[in-house]
1. Determine the pairs where a residue that is surrounded by fewer than 18 Cβ atoms within 10 Å (Cβ to Cβ), located within segment 422-442, has a partner that is of a type in the set (A, V, I, L, M) with Cβ atoms under 6 Å apart, the partner being 6 or more residues away or on another chain.
2. Of (1) open to solvent by 50 Å² or more (accessible area, probe 1.4 Å); (2) under 23 Å from Gly262 (Cα atoms); (3) within 23 Å of the chain's Cα centre (by Cα), Glu166 satisfies all except one. Which?
3. Name the residues in segment 169-187 that are assigned to a loop (DSSP other than H, G, I, E, B) and either loosely packed, with under 14 Cβ neighbours inside 10 Å or modelled with pLDDT under 95 (or both), would you?
4. Taking the stated definitions as given, is Asp510 of a type in the set (Asp, Glu), without any contact (Cβ under 8 Å) to a residue 60 or more places away in the chain and open to solvent by less than 40 Å² (accessible area, probe 1.4 Å)?
5. For segment 226-265, enumerate the residues that are out of contact with any Lys or Arg (no Cβ under 9 Å at 6 or more places or on another chain) and part of a strand (DSSP E or B).
6. Conditions first: (1) touching a residue at least 24 places away in the same chain (Cβ under 8 Å); (2) buried (at least 16 other Cβ atoms within 10 Å of the Cβ); (3) more than 30 Å from Cys576 (Cβ to Cβ). Arg229 passes all but one, so which condition is the exception?
7. What pairs come out if I take residues in segment 139-158 that are over 22 Å from Gly543 (Cα atoms) and pair them with residues that are part of a helix (DSSP H, G or I) and open to solvent by less than 50 Å² (accessible area, probe 1.4 Å) whose C-beta lies under 6 Å away, six or more apart or interchain?
8. Name the residue that is most open to solvent (accessible area, probe 1.4 Å), counting only residues in segment 292-320 that are out of contact with any Phe, Trp or Tyr (no Cβ under 7 Å at 6 or more places or on another chain) and of a type in the set (D, E, K, R).
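The values are calculated or read from the model by the stated rules, or taken from the named source; none is laboratory data. Please read all numbers here as calculations on a predicted model, not as lab measurements. Every residue, glycine as well, gets a Cβ built from its backbone with ideal geometry; the counts of neighbours run over all protein chains shown. All accessible areas refer to the heavy atoms of the entire protein, side chains included, with ligands and DNA or RNA removed. Shrake-Rupley method; radii C 1.70, N 1.55, O 1.52, S 1.80 Å.
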Amino acid sequence: MAELLSKTDKRNKYCGEFTSADIGQRACVMGWVQRQRDLGKLIFIDLRDRTGIIQLAFDSETEKEIFDKAFGIRAEYVLCAKGVVRARGEGAVNKDRATGEVEIFVDELKILSVSQTPPFEIVENSNVKTELRLKHRYLDLRRPDMMNNILMRSKIAKIVRDYYAENGFIEIETPNLIKPTPEGARDYLVPSRVHPGKFYALPQSPQLYKQILMLSGFDRYVQLARCYRDEDLRADRQPEFTQIDLEMSFVTAEDVMAINEGFLKRVFKDFLGKDIETPIQRMTYAEAMERFGSDKPDLRFGFELKNISDLVKDCSFKVFAGAIENGGSVRAINVKGGGARFSRKEVDSLGEFVKTYRAKGLAWAKNTDGEISSSYAKFLTPEENDAIYKALDFEKGDLICIVADKDNIVFDSLGALRCEVAKRMGLCDPMDFKLLWVTEFPLFEYDEEEGRYYSKHHPFTSPMDEDLPLMDTDPSKVRGKAYDIVINGMEAGGGSIRIHNPEIQWKMFDVLGLTKEEAEEKFGFLLEAFKYGTPPHGGLAFGFDRLVTLLLGLEDIRNVIAFPKVQNAMELMTECPNIPEAKALEELKIKVDTEE
């Protein structure tokens, strides 16, 4: 039978806070039972809360009623225990536990709640299936590593708020029920009962509202903003997530990057005790793609791409020559040490890997103790092979990987391959942080199927001043005043200088194929605001979940979110989304067409 707390049952210390300085002091602790050990005339209970574990002791001097109660206690029972802190007996000190020098000799004990046997043990680094952990997330969050992740997330959030407040930013909340947006990922739609047939959208970001705040004169805005995108999930994505969202007036791109470098310097120092060098390295989008095949390159290892198209454009090997004739390219990476590390079977698996990025296959050459084996060398002349080896600095123990195709396929496949081989070779230390600004992104992307341009980021990013004439002649070559912060190959945040000139904004809409009427319908409130004095402004948003994941050296953002979704966007614990009651749908004037 569960017992009730009385007015005198007041916890005076957390379980993990006791030290030898507390010996002789009276303590009242509360928490969950990690385990109970019955040694006959001795019973020990490890009591756990969010700070750690303290040992409760019961022996021959314990009152029989309390001893008998302790005998029946099992894992995950919730207790209130009172007693005197004492030193552990000689040879009983637990050096692996912060409280390992002391224990509490219990003289009062209440069972506040009993527990069934949990579906998995509440231990650190559990190898239980993710689905089971998320189904019983309340148990999963009790595990020390998960508990620590959420506590550290809170600590990082405080650093965020402190830093930006100290630098003059005003925290302002923007709406969560907004007008549906026409660009970017799919919106989550919310039906309106008051306006039948009309819908709100959940914000993909506070983009337009923070620009309006700049027009309103607030100058520096920040928010830990909840955002929502109805898109396919990956290890670093969730349908609902948190951004460190900010905007600044009267600034250039350098100003925005500088203030956020200051934040990164602060959070790495305060949270990890690491000093990062500033200014952070910068690299244009074009250079990042040429060298690394990615706009978010991982700089913890080499294996840079080399364009060998000029060396093989006249060769008789159709795979290479044909790709160049069709407007593509032939590029390669030299995996230093890869020839010794990867077997032929593993090289074949790398070939299958690049096919997932639409490459037709992988050409390769291995140098094993001076003996060269290759999938393509026999189709080239000795001079052509030697030219490739020289260009790639091909030495004993190396592995050359080559992809020939359209540029975007070559970049995607080789960019991913260099990361894959580095991972397999153990070169990706999660606590070895390499930071990079990637700048000058293309302003537009062309969709061949739809025959139109889309915004690379969003339609409010300002073009580079020198590229303005290209808006009329060749939009594909226009660069934007955009910048992403990349940490260890992950985009941790991104932003841009916004368009504040109405004429350029109209030109942007024109390139995107929006008529004047469509632009007025979708963005009329912003265009109207532009008429009343718009300051130059720009901003950035960090993916807060991603940043916490990186700082903790983890791979899956679900491990830093209290109640995440799984791959199909379901939350397993509450089993949502679900079918609403018929009455609710009737009030919303909604009919649902579903199969049985």
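1. From residues that are surrounded by fewer than 18 Cβ atoms within 10 Å (Cβ to Cβ), the pairs are Cys428/Ala422; Lys434/Leu299.
2. Result: Glu166 fails condition (3) only.
3. Start the filter on segment 169-187 by keeping residues that are assigned to a loop (DSSP other than H, G, I, E, B), which leaves 169, 172-177, 179-185, 187.
Hits for segment 169-187 are Glu173, Pro175, Leu177, Lys179, Pro180, Thr181, Pro182, Glu183, Gly184, Ala185, Asp187.
4. Working: of a type in the set (Asp, Glu): yes; without any contact (Cβ under 8 Å) to a residue 60 or more places away in the chain: yes; open to solvent by less than 40 Å² (accessible area, probe 1.4 Å): no.
It is false that Asp510 is of a type in the set (Asp, Glu), without any contact (Cβ under 8 Å) to a residue 60 or more places away in the chain and open to solvent by less than 40 Å² (accessible area, probe 1.4 Å).
5. Matches in segment 226-265: Arg226, Cys227, Tyr228, Ile244.
6. (3)
7. Going by the 6 Å Cβ cut-off, the qualifying pairs are Asp140/Arg133; Asp140/Met146.
8. Lys318
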